[in-house]
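S.K.: Sharing a structure here in structure tokens format.
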Amino acid sequence: MQSSNGRHRDGGGGSESPAERHEDQGEYGTASREVRYEDPWYDALASGWGEVDGTGAPAPVPAARTEPDAAAVRARDVYLEVQRSAAFQEVRSRYRRFVVPGVAVFLTWYVGYVVTATTVPGLMARPVAGAVNVGMVAGLGQFLTTFVLTWAYARHARLRRDRAALDLRWDTQELTRGVRGGES
């Protein structure tokens, strides 16, 4: 039996013997022992590695940089200075003051739901309205709280952090541009 690419599948079904199947060369190689990959990335060398230069000899591999240039050192200092600034610390503390309690409340609610569902199944099975029970209402409440928490996070970020973070980013870009001598 042949596959769509013309090579034989294992498992037989055709009129060829196993010896004939082994000798089949197909389009991918000379024998089944020599597999040739058709992936173009398989044999590709990294740029500059093992390539031949104009003389026919392998091109030298560039050494890793050991000394950062002065502009990079100064730019790093700018980022460290911004990280230590009071404005950056204020943005981070506003973020933490929202996220830490939000995560704690949500995880408590989620774990409480799971623990209640496993330890008190009679409570979760109590009907609320028709076929809807306490477990279904609490499960839908999980989805609702996820959406509410996402909305609250986006609102908090927009009202309390985004403007200050944008100002910090702008200041950092200006300081870095000044360090590099005006190049963009």
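S.K.: Please verify whether the stretch 129-139 includes one or more residues that are assigned to a helix (DSSP H, G or I), of a type outside the set (V, I, T) and open to solvent by 50 Å² or more (accessible area, probe 1.4 Å).
M.R.: Let us first name the residues in the stretch 129-139 that are assigned to a helix (DSSP H, G or I), namely 134-139.
Next, from what is left, pick out any that are of a type outside the set (V, I, T): 135-136, 138-139.
Add one more test, that the residue is open to solvent by 50 Å² or more (accessible area, probe 1.4 Å), and what stays is 136.
The answer is yes; a qualifying residue exists.
S.K.: Which of the residues that make up the stretch 153-180 are exposed (fewer than 13 other Cβ atoms within 10 Å of the Cβ) and free of Cβ contacts under 8 Å to residues at least 60 places away in the same chain? Give the derivation first.
M.R.: First, the residues of the stretch 153-180 that are exposed (fewer than 13 other Cβ atoms within 10 Å of the Cβ): 154-155, 158-159, 163, 166-167, 169-170, 173-174, 178.
Result: A154, R155, R158, L159, R163, L166, R169, W170, Q173, E174, G178.
The values are calculated or read from the model by the stated rules, or taken from the named source; none is laboratory data. It should be emphasised that the depicted structure is a prediction, and the values quoted were computed from it without experimental measurement. Note that we place each Cβ from the backbone using ideal geometry, even for glycine, and neighbour counts take in every protein chain shown. Note: accessible area is taken over every heavy atom of the protein model, side chains too, but ligands, DNA and RNA are not part of it. Shrake-Rupley method; radii C 1.70, N 1.55, O 1.52, S 1.80 Å.
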